[in-house]
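Engineer: The structure is given below, and queries will be raised subsequently.
Just so you know, all these numbers are worked out from the coordinates, no wet-lab data involved. Keep in mind that this is a model prediction, so the values were computed, not measured. Glycine also receives a Cβ, built like all others from the backbone with ideal geometry; neighbour counts cover every protein chain displayed.
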Amino acid sequence: MVTRQVRAKESSLAELSSLLSVCDTSKSKSGDTGWVQVPNPNMTVRNALADEAQHLDDLVKSVAMHPELLHAAMAARPGALQTVQLSYGWEVFVVEDVRHAVVPTLRGARRGPGFPVTPNMRRTSPKKPVIDDMSYYIQTFGCQMNVSDSERMAAELERKGYHATDDPKKSALYLLNTCALRDHAEQKVYSYLGPHAQRKWDAPSEVTLVVAGCVAQQEGDKLLSRVPEVDIVMGPQYANRIGEVLDDFAENMMQIVAVDPIHIQEDFSKPVRSSKITAWVNIIYGCLEKCSYCVVPNTRGLEQSRTMESIRAELQGLARDGYREVVLLGQNVDAYGRDLYPKRTFSDLLRFIHDVDGIERVRFTTGHPRYISENLITTVAELPKVMEHFHVPPQSGDNGVLKEMGRGYTRERYMDIARRVRKRMPDASICADTIVGFPGESEEAFENTVDMVKQVVFDSNMVRAYSARPNTTAGLREDQVEEEVKARRLAVMNRLMREQAEKRSQRYLGRRVEVLVEGVNEKVDGEVMGRERSNRVVFFEGAAEEYVGKIAVVEVDEAFAFSLRGRVIGEAW
């Protein structure tokens, strides 16, 4: 009964422990045991109970934790409340975080001077390449999550003494951070690797080649077979651990493939941000959705939410560094917090961070229609720092196709979300991703999608033709749509997308909008550019040194499909 009351009030486990724990040591620390060093990072519950029992018992004595409790903790998912009955009674606990030792999935050929030649390696060039010692270059493909990962990997590399170079051909470490979303993603990777594989062959001990990201996770050791000059293949979950992966490579001088699932360790280093104005902030890693066309769950792993406290602390640090805007990132931000204890929601997080001094704008991406709630819509409407911009991909407007995609909602549900958003926030932007030519999509199904898009009227719509991806159920279907049909439907949707974008831009004419200035207009001398609240790009005349990093009021006098142009009113701040 006491436990029920505590849970009903969502009291923390620390309060529960300080009130009810029968363990005096942990009770005095509100249940906190601190870090527990497990002797073997690959130890399972079974071999802990058998092969390493004595070693484990010695360890447990040093941390005053019962062996059975440690065994249970080793099998628990971090962040999840566990209630287990052991031989001596009941234990209630949460494993707050896990630090895994980096253990490569496999090691390949030995590296170093004179590493062995294989038949498919390239011939040595007559001229040895010029290499900038301890320099790195990161080539990034794909979504904002990859951009964020690259920023964190850059920080780790600089912590290890590397410095950035603008010339990839001179880099001592070339890192390709890859995206597996589209067809031919693997071929794009191999194409980019070609010249650097030649550099590796010409200067084997001076060049290190790393392939990271989703294609690395998807291909694994197949990458080494195709391009044996590659030194390291590592999945997205190792982005925070690239320093340790490089240490392993330096120690053993053998190729590394690191793609095994691993709990993502909190990143304590400061990313090397690509912008001084807007910062990407990860709030949830991975994805638990089962969309039949998508490789993301296979490449980015299970959902793992960061704590609200750690996210707020990162925002406070960004504010101290002068950042005014943050973009909260997740494959599905609306799923935030469902793996935490107590459970949290994305709305909870927005309200928790909203009062961070110095952060004036908060954006987020990407949303999932299944989880957009009235509570979230209300939260965005009520919090002035949260921008009224919703990226909520429908993917299709036909119920049959949505069901085959495994999206978990109907067109009616999606259209209701759009109506509710615009009812509360008439100027809110709603942006879409749409797939045409999904397996089995009939002309009628395609027309249903066109009809839904016409009714919603999107601010922008990233339309793409379906492409089969490895290890997806949709990719195995026999009712694939012909390429020429896909191309025709893509053209129809792109025309509609541009018409709608132009229509939505027209509403800004004559209005005054607040623009956070990001930089210069690369195409027009004497102009700067930024974004207004609903994410439209705005250009106006002005000097970069006067406006970049400031918010300016701009009166809009020209409207285009994806941008606006106007003149500044008053002083920027």
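Engineer: Taking the highest mean first, how do the peptides 236-242, 435-441 order by number of other beta carbon atoms within 10 angstrom per residue? Walk me through the numbers before you get to the answer.
Structural biologist: Values: 236-242: 24.3, 435-441: 22.7.
Answer by packing, highest mean first, reads 236-242, 435-441.
Engineer: Run the numbers for M415 and Y190: contour at 0.36 nm per residue of separation, minus the present Cα-Cα distance, in nm.
Structural biologist: 76.9 nm
Engineer: Moving on to the next point. Under 11 Å from the 7 Å Cα→Cβ point of V485, by amide nitrogen: which residues of the stretch 423-448?
Structural biologist: 437-446
Engineer: Taking the Cα centre of the stretch 416-505 as origin and charging only Cβ (+1 Lys, Arg; -1 Asp, Glu), how large is the dipole, in debye to the nearest 20?
Structural biologist: So the magnitude is around 620 debye.
Engineer: Pairs of Cα atoms under 8 Å, at least six residues apart: use those to get the relative contact order of the stretch 416-505, whole percent.
Structural biologist: 36 percent
Engineer: Let me ask something else about it. Compute the length gained on full extension between A381 and Q316: take 0.36 nm times their separation in residues and subtract their Cα-Cα distance, giving the result in nm to one decimal. Write down the numbers at each step before the final one.
Structural biologist: Numbers: separation 65, 0.36 × 65 = 23.40 nm, distance 2.31 nm.
Fully extending the segment from A381 to Q316 adds 21.1 nm.
Engineer: Moving on to the next point. How would you order 392-403, 355-366 from highest to lowest mean count of nearby Cβ atoms within 10 Å?
Structural biologist: Values: 392-403: 21.2, 355-366: 17.9.
My ranking of the peptides, most packed first, is 392-403, 355-366.
Engineer: Quick check on the stretch 512-569: what does the Kirkwood estimate of hydrodynamic radius come out to from the alpha carbon pairs, in Å? Numbers along the way, then the final one.
Structural biologist: Numbers: mean 1/r = 0.0928 Å⁻¹.
Result for the stretch 512-569 stands at 10.8 Å.
Engineer: Going 7 Å from the Cα of V130 in the Cα-to-Cβ direction, what parts of the stretch 146-168 have a backbone nitrogen less than 14 Å from that spot?
Structural biologist: 166-168
Engineer: Under the classification rounded if a/c is under 1.5, otherwise prolate if a/b is larger than b/c and oblate if not, where does the stretch 276-387 fall, given a ≥ b ≥ c as square roots of the Cα gyration tensor eigenvalues?
Structural biologist: It is prolate, given that a/c is not under 1.5 and a/b is the larger ratio.
Engineer: If you place +1 on the Cβ of every Lys and Arg, -1 on the Cβ of every Asp and Glu, and leave all else neutral, what size is the dipole of the stretch 512-569 about its Cα centre, to the nearest 20 Debye?
Structural biologist: 280 debye
Engineer: Which ordering of V295, V210, V130 is given by a fewest-first count of other beta-carbon atoms within 10 Å?
Structural biologist: Taking fewest neighbouring Cβ atoms as first place, the list is V130, V295, V210.
Engineer: Can you list the residues of the stretch 165-186 with backbone N under 17 Å from a point 7 Å past the Cα of E522, pointing along Cα to Cβ?
Structural biologist: Only 166-168 fall inside the zone, counting backbone N under 17 Å.
Engineer: Here is a further query. Quick check on my link table: of K343/K403; K385/K486; K169/K290; K127/K270, which ones sit more than 30 Å apart, alpha carbon to alpha carbon?
Structural biologist: Pairs exceeding 30 Å: K385/K486; K169/K290; K127/K270.
Engineer: Under 1.5 on a/c is rounded, so check that first for the stretch 198-257, then, if it is not, pick prolate when a/b is larger than b/c and oblate when it is not; a ≥ b ≥ c are the square roots of the alpha carbon gyration tensor eigenvalues.
Structural biologist: Oblate, because a/c is 1.5 or more while a/b does not exceed b/c.
Engineer: Return the distance in nm (one decimal) between the two label points of a simple spin-label model at R182 and E478, each offset 7 Å from Cα along Cα→Cβ.
Structural biologist: 3.1 nm
Engineer: From the residues A468, V515, G530, which one has its Cα farthest along the dipole of the stretch 424-573 in the positive direction, the dipole being from +1 and -1 charges on Cβ of Lys/Arg and Asp/Glu about the Cα centre?
Structural biologist: Result: V515, furthest along the dipole toward the positive end.
Engineer: Pull out a ≥ b ≥ c, the square roots of the eigenvalues of the alpha-carbon gyration tensor of the stretch 204-338, then state rounded if a/c is under 1.5, prolate if not and a/b is larger than b/c, and oblate in the remaining case. Provide the component values of the computation, followed by the final result.
Structural biologist: On the way: a/c = 2.32, a/b = 1.42, b/c = 1.64.
Oblate is the answer for the stretch 204-338, as a/c is 1.5 or above yet b/c matches or exceeds a/b.
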